[in-house]
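Novice: Quick one: the structure is below, and I'll ask about it shortly.
The values are calculated or read from the model by the stated rules, or taken from the named source; none is laboratory data. Small disclaimer: the values here were computed from a predicted structure and weren't measured. Virtual Cβ from ideal backbone geometry, glycine too; neighbours counted across all protein chains shown.
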Amino acid sequence: MALAAPINQPMIEEEAEVFSKVTAWKRFRRHKLAMAGVVVLAVMVFVAIFAWKLAPFDPNGIDEVHWQGNPVPPCFVSAAQCGGHFLGLDENGRDLLSRLMFGAQISLTVAVSAVIMELVIGTLLGALAGYYGTVTLSWRRFSWGLAVMVLWLAIVTVAGAFAGYLIARYFPLQLHGGLTQLIVLTLLGAKIAFDVVKNIPPKSPARIAAVTVAGAAAGYLAAILLPGKPLALDVMILVGVLYGGLVGFQFGFGIQRVDHVIMRVTDVFLSIPLLPLLLVLTGIVAASSTKAALSFQTIVLIIGGLSWPSVARLVRATYLSLREREYAEAARAVGNSDLRIMLRHLLPNAMAPITVQATLDVANVIILESVLSFLGFGIQPPTASWGSMLANAEANLQEQWWVAVFPGLCILVTVLAINFIGDGLRDALDPNAIK
Amino acid sequence: MRRTFQAVPLLLLISMILFLIIHNAPGGGLGPYLQNPHITPADIARLKHNLGLDKPLPVQYVTWLGQVLHGDFGYSTSNSEPVFNAIVERLPSTFLLMGTAYFIAIVIGVSAGLFAAVRPYTTWDYLITTFAFFGQSMPVFWLALMLQLALAVHGIPLPFGYLLQLPSAEISSSDTFSLSDRISHLILPATVLAFLNIALYSRFMRSSMLEVIRTDYMRTAAAKGLSFRTILFKHGLKNAMIPLVTVTALTLPALFGGAIVTESIFAWPGEGRLFITALGQEDIAILLGFLMINACLVVFFNLFADVVYAWLDPRVKYE
């Protein structure tokens with residue numbers, strides 16, 4: 001009977017060895033596919049770093065001699081025709097191999113930079129939420145709090161925006177200061193407002209009034225100071241929402257509930273599907289001036305700025321359990337500051353799940369970037385990335401199949417390697433992994 | 001019940017953020033008109049007035065919310081059609097594609113996962129697991145290109161895209177309907193769309209089934225002398241499917257987003273194509289409608305997954 005074997009297997013593979021970096025590395029090495037992934041990825045990274053040295057041709061240069069408008073196939077298809085271009089020429093007569101090498105540079109850099117950005121934002125917010133989050137959450141209290149928050153947002157936004165609008169309309173103090181002044185003044189205003197609000201007892205009408213006035217003032221300040229936007233209601237509302245949300249939360253929950261603000265924002269971003277939102281944002285940027293505005297940095301900012309919620313949620317969950325450990329308590333008892341406990345004591349212990357998630361996210365971002373570029377909303381030609389090289393491959397798929405095959409193969413192999421590494425890391429770093 | 005109420009403020013917040021993002025588009029949704037030299041500033045102003053784009057943003061937001069509640073999601077800025085109509089018109093073809101892909105993914109994914117789970121750590125298991133890794137690492141649009149190439153090289157005449165280029169609303173009533181024609185058009189895009197989910201479901205099914213196989217009640221069933229088939233399907237599969245239901249519900253909205261890529265490659269006249277066209281025309285009303293509906297799907301299916309999970313698994317209770 002086929003079922004007998006698995007039933008007789010031990011329930012959990014007992015790990016007698018003490019968890020440490022050394023044993024983790026030992027276990028990782030046992031994972032053959034992950035080791036293969038490391039080798040493949042190392043080669044890719046090496047090629048990407050030294051593309052300028054290794055590439056046989058200029059990635060953007062057209063080979064006028066061999067490119068007469070006819071397809072030039074790879075050497076292993078026709079050695080006579082290839083003219084030294086090992087993987088042939090692309091649809092514009094550029095050396096495919098060199099473009100692949102420089103494409104590796106762009107694709108990998110975009111992925112790694114976006115993931116670093118995502119990690120910084122996600123870890124910071126997740127750590128804050130997890131460390132200050134409440135242990136047991138009463139569902140009733142929670143939904144009441146949520147209702148209070150929404151009401152609060154509505155009050156501050158509407159009142160702030162319209163008060164600001166009225167003031168600006170009847171007292172048109174259009175200062176048109178620079179962005180620096182705006183930031184300094186807003187921070188100063190916020191500081192004063194907080195000091196005032198702090199001394200008013202919570203949940204009193206006076207507090208509501210003070211906060212509303214402060215929100216309105218902040219919105220008004222922002223609206224008159226932002227260059228080129230004399231009466232920008234949207235700026236007022238944005239400031240009002242941010243400000244109102246912040247102060248409103250303090251009102252509704254007290255500072256302990258910073259957890260909820262962060263997790264609500266996380267929920268919102270997790271509920272908006274990533275790919276369409278990315279496309280809309282890159283589309284907006286592309287429309288704002290030329291398509292060239294969609295630089296490498298913009299794409300990193302957009303991808304990294306939108307993909308942090310999953311990290312935040314993970315880090316929060318980890319921190320929620322870590323802060324209850326004895327060593328965290330000991331660190332608190334000795335008198336370490338919260339920030340120090342968060343960064344020096346808890347972060348190293350939260351690194352395992354973060355590392356796994358980050359690895360898998362690099363793979364995801366490589367695919368995301370290639371989809372964006374393929375659809376024409378990512379890296380713009382003539383810059384080579386694996387995705388942008390595929391953008392024009394569909395038109396002459398049959399005559400120049402190599403243009404379509406090789407970039408995609410690079411994506412597949414790299415992403416596969418990273419996924420294997422991620423899987424190996426998960427098994428190696430999780431002391432109670434059941435395979 | 002509480003969860004349902006909680007979804008309302010969440011959706012409101014989402015709509016607010018989406019609205020802010022989209023209405024900060026530089027062209028203000030009239031990009032293509034601004035670039036057209038034949039359109040005078042007066043025309044633009046009139047257009048703005050007609051579409052209500054000259055009002056302050058909060059007023060626009062409230063108006064839009066009202067439109068959403070009336071079920072028309074505002075009017076397209078490129079052809080003044082109600083957004084809801086434009087979206088509903090293409091729903092049948094997208095649902096056809098999504099439904100087929102979903103069906104393929106569940107059938108293949110579950111059977112592959114089950115097949116691997118009853119013979120763990122054998123060659124078959126490793127093959128299926130490795131395949132699942134490939135599926136997760138595959139850039140979907142490239143898979144579509146490669147399938148196209150392979151079919152072209154071998155001369156298999158599987159058509160690409162929809163044969164009937166009419167609005168999809170007419171498809172069901174069309175007299176040129178033919179099942180074989182429909183299937184031949186459907187098979188490639190549906191397979192490509194399902195690919196990622198096949199991999200996902202098979203991995204999930206495998207681990208879920210492995211966990212169930214190790215439980216006491218499975219041991220008891222085996223000890224009672226029940227047949228292998230009864231144990232596996234009646235005791236095992238039923239329990240192993242519970243977490244899978246959640247996962248399939250959670251990944252369903254992703255199919256909607258994934259349709260953007262698949263539909264644009266296969267020229268499938270569905271929501272994804274609508275989205276890409278609207279993106280090219282900077283039609284903010286349609287973009288907003290698409291994003292909002294997609295976000296609603298996510299929120300709804302999250303809720304749905306929780307409810308179904310609690311209903312299927314009596315051990316889970318929500319306060």
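Novice: Taking segment A:69-111 only, how many residues are closer than 20 Å to residue A:53 by Cβ and assigned to a helix (DSSP H, G or I)?
Specialist: Final tally of qualifying residues: 14.
Novice: When you look at residue A:391, is it under 30 Å from residue A:131 (Cα atoms) and modelled with pLDDT of 85 or more, yes or no?
Specialist: No.
Novice: (1) touching a helix residue (DSSP H, G or I) at 6+ places or on another chain (Cβ under 6 Å); (2) surrounded by fewer than 15 Cβ atoms within 10 Å (Cβ to Cβ): which one isn't true of residue B:103, the others all being true?
Specialist: (1)
Novice: Follow-up question, since we're still on this one. Kindly provide the set of residues from segment B:47-82 that are under 14 Å from residue B:19 (Cα atoms), hydroxyl-bearing (Ser, Thr, Tyr) and either buried (at least 19 other Cβ atoms within 10 Å of the Cβ) or in contact with a helix residue (DSSP H, G or I) (Cβ under 8 Å, 6 or more places away or on another chain) (or both), ordered by number.
Specialist: B:61
Novice: Go over the candidates A:397, A:375, A:412, A:416 one by one and state the one that is more than 27 Å from residue A:22 (Cα to Cα), at the interface with another protein chain (Cβ under 8 Å from one of its Cβ atoms), surrounded by fewer than 24 Cβ atoms within 10 Å (Cβ to Cβ) and in contact (Cβ under 8 Å) with a residue 40 or more places away in the chain.
Specialist: A:375
Novice: Within segment B:114-132, which residues are within 29 Å of residue B:270 (Cβ to Cβ) and either of a type in the set (Lys, Arg) or in contact with a helix residue (DSSP H, G or I) (Cβ under 6 Å, 6 or more places away or on another chain) (or both)?
Specialist: Within segment B:114-132, just B:132 meets the criteria.
Novice: While we're on this one: Name, by its number, the condition in (1) farther than 23 Å from residue B:284 by Cα; (2) part of a helix (DSSP H, G or I); (3) not charged (D, E, K, R) that does not hold for residue B:121.
Specialist: If we test residue B:121 against (1) farther than 23 Å from residue B:284 by Cα; (2) part of a helix (DSSP H, G or I); (3) not charged (D, E, K, R), just (2) comes out false.
Novice: Additional query: (1) polar (S, T, N, Q); (2) touching a residue at least 12 places away in the same chain (Cβ under 8 Å); (3) surrounded by fewer than 24 Cβ atoms within 10 Å (Cβ to Cβ): which one isn't true of residue B:262, the others all being true?
Specialist: So the condition that residue B:262 fails would be (3).
Novice: Something else about it: Of all residues in segment B:116-142, which are crowded, with 17+ Cβ neighbours inside 10 Å, of a type in the set (Phe, Trp, Tyr) and either more than 10 Å from chain A (Cβ to nearest Cβ) or touching a residue at least 40 places away in the same chain (Cβ under 8 Å) (or both)?
Specialist: Scanning segment B:116-142 gives B:133, B:141.
Novice: OK, next. Report, ordered by the first and then the second residue, all pairs with beta carbons closer than 7 Å, sequence separation of six or more or different chains, a first member in segment B:270-283 that is without any contact (Cβ under 8 Å) to a residue 24 or more places away in the chain, and a second member that is polar (S, T, N, Q) and surrounded by fewer than 22 Cβ atoms within 10 Å (Cβ to Cβ).
Specialist: These pairs meet every condition: B:276/B:264.
Novice: Across segment A:49-66, what is the total count of residues that are part of a loop (DSSP other than H, G, I, E, B) and more than 21 Å from residue A:92 (Cβ to Cβ)?
Specialist: 1
Novice: Among the residues of segment A:364-371, are any touching a residue at least 40 places away in the same chain (Cβ under 8 Å), more than 11 Å from chain B (Cβ to nearest Cβ) and under 24 Å from residue A:47 (Cα atoms)?
Specialist: Checked segment A:364-371: at least one residue is touching a residue at least 40 places away in the same chain (Cβ under 8 Å), more than 11 Å from chain B (Cβ to nearest Cβ) and under 24 Å from residue A:47 (Cα atoms).
Novice: How about segment B:275-294: which of its residues are more than 7 Å from chain A (Cβ to nearest Cβ) and either buried (at least 24 other Cβ atoms within 10 Å of the Cβ) or outside any helix (DSSP H, G or I) (or both)?
Specialist: Answer for segment B:275-294, where residues must be more than 7 Å from chain A (Cβ to nearest Cβ) and either buried (at least 24 other Cβ atoms within 10 Å of the Cβ) or outside any helix (DSSP H, G or I) (or both): B:278, B:283, B:284, B:285, B:286, B:288, B:289.
Residue-wise test of (1) assigned to a helix (DSSP H, G or I); (2) within 25 Å of residue A:273 (Cα to Cα).
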{"residue": "A:298", "(1), (2)": "yes, yes"}
{"residue": "A:303", "(1), (2)": "yes, yes"}
{"residue": "A:317", "(1), (2)": "yes, yes"}
{"residue": "A:324", "(1), (2)": "no, no"}
{"residue": "A:329", "(1), (2)": "yes, no"}
{"residue": "A:332", "(1), (2)": "yes, no"}
{"residue": "A:336", "(1), (2)": "no, no"}
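Novice: Continuing with the same structure: If you check residue B:311 against the conditions, is it over 20 Å from residue B:10 (Cα atoms), outside any helix (DSSP H, G or I) and among the hydrophobic types (A, V, I, L, M, F, W, C)?
Specialist: Criteria not met by residue B:311.
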